[in-house]
Amino acid sequence: MLEIGDVEIPIVGTIEVGATAEYEEIQPINNDHIGLKHEHEPLEIAVAGFINEHVHSDELSLLEQRQIIRSLRSSDITDNDIEILGNKGHLLVDNVDFTDNLDSKIVDAVEIEGRFLPWPKFYSDISLTNGDE
Amino acid sequence: MPWFGDIFIPYLTDRDTDITKVTIERNFVDLPPQVFDRNAELEAGSYTAILTDLYHERNENLSEQTDAVLSMAARHATEFPYDESGITGHLLVHDPTITITESELIRPAELGLRFMSDDDFIPAIVGTADAISDEFDASPKESIVPIPEAVENVSDYLNGESITPIASIESEEGTIDYYLYDDVRNVISYENPNDDYSSSERIGPVRTFDADSERVYLDLKTLDAGTKMDNGIVRFEQRADVGELSHYDDGWDTIGETSVGVGSEKGHLSNIGNYESTISFVTGGDEYDISMCKGFPVVRCELDGMTDFSFDIEHEPLTLIEDGGYYYAVEDSQGNDIVLVRSSTDGSFNHTDAQVSVDGIDDETLYTFIIGIVPDELTVGDFSRYLYNQGYWKRSLAER
């Protein structure tokens, strides 16, 4: 299970974590190419999981779980505190995708993509609800 | 099972890179078609790896290994000398990705990178001396940059002349030489040794550990009391009430404690690098940064909210060596020369049998204090001047 603020993802399959630093290649006319790496960007996180009525701690229906997870896209980032890989922070949710599984009435696949802003590097003045703070 | 500088990745399973060269063909009315080659782009691609705590040279767990791999995007390419199967050069990692699955034993990783061949590029350090503040005259404006003795052909890159170190110091992992630079941009290049190409990055880098003694490579982890920094010469443990400084001399020995504690404050690694790292404690109302550099037996504290800064000496009594205005040097009963450097004329130096301090500072002003050991091969005055004028270091890969 994964909690993003008050939102529960009952079943987590895989989490993909990527750190990206923008890269540029300069092509001088008479010299070898020069590679430039800029400052690293906030971690990109993609969570692939499932929603399920029976495993959800509040036994929300699939529809209710879909609605509440979709609301992550519009909620304030300071409401999306998360602990991931043992690190605490906030998740800026970019995208939420649901896959309708017509074979099942009790489980649907979901993918959440976003950027992880670690605490206390970001929003150090805000207490976290997921974790010790 | 290669080392990527100071980062160990248990298994490298695939290397997939290529070199792209753009060819332009032009047709002419009265001439045969001409083909022009542009310079080749840098070798680009990805390395695929497996992280596991079943095998790791430093027994790091999956969390530490994940932190290490993700930190490669934040680190300079010079930190990743790579030599395997005849491929020698530096890796510019710009896109590391890790997948966490249900397995608790392994994590697949992929490193998107550019490869900077040793045939075309050599590592260098750009040093420009500059004073911490303009409140003291610490001229001539010079400083020193540490480079492991294990490297070869240390040269002034701009004129190609070989340069020699002015002093050296022993770290837990090997000897580190000091090379002089001034306030005009200096580019010092070197070559990694052929017999152990990546080893120089494992000699005295700045390493950070959390309160559970787990290695911290990136700015993701929350740090609190018990956090440690270590460069193989000095070790600084920031506790809730004090900061303890230890020195390596054929074994670790406590030198003393600063008066600065962090209580229940939280922080993070704000500056990431083998040559210099900084921890910032940000949840209290005051500023407090701790920095350590490769090769320097000192710790630098930038802070406000204090009316005095003191360092309690472990081996008392101490005797005064020199009051240089911006630095204050004492000798402890073990013969260690300990120096305290300040950035401001505020307050005054003081000492007792067991403590050296700067008293009477303004609690609303940000100050820099540097505390540590003077290397045997340098005078107190010169070393203090080098610390005051350290200025800026920037790592680079220079074209051959």
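The values are calculated or read from the model by the stated rules, or taken from the named source; none is laboratory data. Not measured: the values here are computed from a predicted model. Don't worry about glycine lacking a Cβ; one is built from the backbone with ideal geometry, like all the others, and counts go over all protein chains shown. We work out accessible area using only protein heavy atoms, side chains counted, and drop any ligands, DNA or RNA first. Shrake-Rupley method; radii C 1.70, N 1.55, O 1.52, S 1.80 Å.
The strands (runs of 3 or more DSSP E) located wholly in segment B:171-228 that include 2 or more residues which are touching a strand residue (DSSP E or B) at 6+ places or on another chain (Cβ under 6 Å) and more than 27 Å from B:I290 (Cβ to Cβ) occupy B:186-191. Among residues of segment B:374-400 being assigned to a helix (DSSP H, G or I) and either open to solvent by 30 Å² or more (accessible area, probe 1.4 Å) or of a type in the set (K, R) (or both), the one that is farthest from B:G273 (Cα to Cα) is B:D382. Going through (1) under 19 Å from B:G243 (Cα atoms); (2) modelled with pLDDT of 95 or more one by one, B:G305 falls short only on (2). In the set B:A167, B:A131, only one residue is in contact (Cβ under 8 Å) with a residue 40 or more places away in the chain and touching a helix residue (DSSP H, G or I) at 6+ places or on another chain (Cβ under 8 Å); that residue is B:A131. Among the numbered conditions (1) within 14 Å of chain A (Cβ to nearest Cβ); (2) in contact (Cβ under 8 Å) with a residue 24 or more places away in the chain; (3) within 23 Å of B:N274 (Cα to Cα); (4) open to solvent by less than 40 Å² (accessible area, probe 1.4 Å), the only one that B:E110 does not meet is (4).
Kindly establish whether B:V298 is of a type in the set (A, V, I, L, M), closer than 29 Å to B:T283 by Cα and either buried (at least 20 other Cβ atoms within 10 Å of the Cβ) or touching a Phe, Trp or Tyr at 6+ places or on another chain (Cβ under 9 Å) (or both). For B:V298, the condition - of a type in the set (A, V, I, L, M), closer than 29 Å to B:T283 by Cα and either buried (at least 20 other Cβ atoms within 10 Å of the Cβ) or touching a Phe, Trp or Tyr at 6+ places or on another chain (Cβ under 9 Å) (or both) - is met. Filtering B:I361, B:I371 for residues that are open to solvent by less than 40 Å² (accessible area, probe 1.4 Å), assigned to a loop (DSSP other than H, G, I, E, B) and either touching a Ser or Thr at 6+ places or on another chain (Cβ under 7 Å) or over 25 Å from B:G243 (Cβ atoms) (or both) leaves a single hit, B:I361.
Confirm whether B:A44 is within 14 Å of another protein chain (Cβ to nearest Cβ), buried (at least 16 other Cβ atoms within 10 Å of the Cβ) and under 25 Å from B:P123 (Cα atoms). So B:A44 fits the description; yes. Being buried (at least 22 other Cβ atoms within 10 Å of the Cβ) and within 14 Å of another protein chain (Cβ to nearest Cβ) is true of B:I279. What tally of residues in segment A:66-104 results from selecting those that are in a strand (DSSP E or B), away from chain B (no Cβ under 14 Å) and open to solvent by less than 30 Å² (accessible area, probe 1.4 Å)? Number of matching residues: 2.
Which ones in segment B:62-103 are facing chain A (nearest Cβ under 10 Å), touching a Leu at 6+ places or on another chain (Cβ under 9 Å) and β-branched (V, I, T)? Selection gives B:T66, B:V69, B:V93, B:T97, B:I98, B:I100. Among the residues making up segment B:38-88, those that are in contact with a Pro (Cβ under 7 Å, 6 or more places away or on another chain) and part of a helix (DSSP H, G or I) are B:V69, B:L70, B:T78. Would you say B:A354 is in contact (Cβ under 8 Å) with a residue 12 or more places away in the chain, surrounded by 20 or more Cβ atoms within 10 Å (Cβ to Cβ) and of a type in the set (G, A, S)? In short, no. Only residues that are open to solvent by less than 90 Å² (accessible area, probe 1.4 Å) and more than 26 Å from B:L92 (Cβ to Cβ): list them for segment B:17-27, please. Within segment B:17-27, just B:I24 meets the criteria. For segment B:256-301, which positions are among the aromatic types (F, W, Y) and farther than 25 Å from B:G5 by Cβ? B:F281, B:Y288, listed by residue number.
Within the set A:T78, A:T14, the sole residue that is free of Cβ contacts under 8 Å to residues at least 60 places away in the same chain and in contact with a strand residue (DSSP E or B) (Cβ under 6 Å, 6 or more places away or on another chain) turns out to be A:T14.
Note on segment A:30-48: residues that are outside any loop (DSSP other than H, G, I, E, B) and modelled with pLDDT under 90 total 7.
The residue that is surrounded by the fewest Cβ atoms within 10 Å (Cβ to Cβ), counting only those in segment A:1-58 that are polar (S, T, N, Q) and more than 10 Å from chain B (Cβ to nearest Cβ), is A:S57.
Note on segment B:216-254: residues that are open to solvent by less than 10 Å² (accessible area, probe 1.4 Å) and of a type in the set (K, R) total 0.
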